[in-house]
Amino acid sequence: YISFISTGLTDSVCVPITASDPIRTSAIIEALCFESTSTTLPAYYDVTVTNKTMRDEESKEMLEYIFDHRTVDPAQVYNWGTLNDMLTSIKDAESFTSNIAKREKMVNKAMEKTLESFISD
């Protein structure tokens, strides 16, 4: 089981190119995010979600299972080949198939460009 995290519901942090020490800045952001997941998120989860809104132990277990299997789809994050736009406009299986076929080369090219940017840095 995989629970996709919608990129529309998540926040991103960008470091401007003018940052004097982007590696240090990134490390600080990463440390703050890590601390948040080990302090703020558990407090919210324990106090608000499980103690105030859950009706039974089974619901709590299911929510834990969902959180344990969260993942982010890179195609959504980078919107390769404008897939996000396409996915929100799909109305039937036939249009899905034809839209994917039309965008395949564009998606592959965008994906390669993203991967190259990771390697070149």
For T88, the accessible surface traced by a 1.4 Å probe with all protein chains present amounts, in square angstrom to the nearest 10, to 120
For R24, R103, R70, R55, the accessible-area ranking with a 1.4 Å probe, largest leading, is R55, R24, R70, R103
In whole percent, the fraction of accessible protein surface over the stretch 55-108 that belongs to carbon or sulfur atoms, probe radius 1.4 Å, stands at 52
Per the rule of 0.36 nm per residue minus the C-alpha distance, extending I17 to F118 adds in nm 34.8 nm
Whole-Hz Karplus couplings 3J(HN,Hα) for the stretch 84-90, θ = phi - 60° and coefficients 6.51, -1.76, 1.60, Gly and Pro as x, run 4, 4, 5, 5, 6, 9, 5
Shape call for the chain, from the Cα gyration tensor axes a ≥ b ≥ c (a/c under 1.5 means rounded, otherwise prolate when a/b beats b/c, else oblate), comes out oblate
Here the stretch 24-34 yields Karplus 3J(HN,Hα) values (6.51, -1.76, 1.60; θ = phi - 60°; whole Hz; Gly and Pro given as x) of 5, 4, 5, 5, 5, 4, 4, 5, 5, 5, 4
With a Förster distance of 22 angstrom and the Cβ-Cβ distance between V72 and T25, calculated FRET efficiency to the nearest 0.05 equals 0.50
To the nearest Å², the heavy-atom accessible area per residue of the chain with 1.4 Å probe amounts to 82
Out of N84, Y1, S12 - ranked by how far each Cα lies towards the positive end of the dipole of the chain, with unit charges on the beta-carbon of charged residues - the top one is N84
Magnitude of the Cβ-charge dipole (Lys and Arg +1, Asp and Glu -1) of the chain about the Cα centre, nearest 20 debye, reported as 480
Going residue by residue through the stretch 41-47, the Karplus relation 6.51 cos²θ - 1.76 cosθ + 1.60 with θ = phi - 60° gives ³J(HN,Hα) values, rounded to whole Hz and with x marking Gly or Pro, of 4, x, 5, 4, 4, 5, 7
Using a 1.4 Å probe on heavy atoms of the protein chains only, the accessible area for K113 in Å², nearest 10, reads 150
Percent relative contact order for the chain, counting Cα pairs under 8 Å at least six residues apart, stands at 34
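The values are calculated or read from the model by the stated rules, or taken from the named source; none is laboratory data. Just so you know, these numbers come straight off a predicted model, no measurement behind them. Methodologically, a virtual Cβ is constructed for each residue, glycine included, from the backbone with ideal geometry; neighbour enumeration extends over all protein chains shown. The area values use the complete protein model at the heavy-atom level, side chains included, leaving out ligands, DNA and RNA. Shrake-Rupley method; radii C 1.70, N 1.55, O 1.52, S 1.80 Å.
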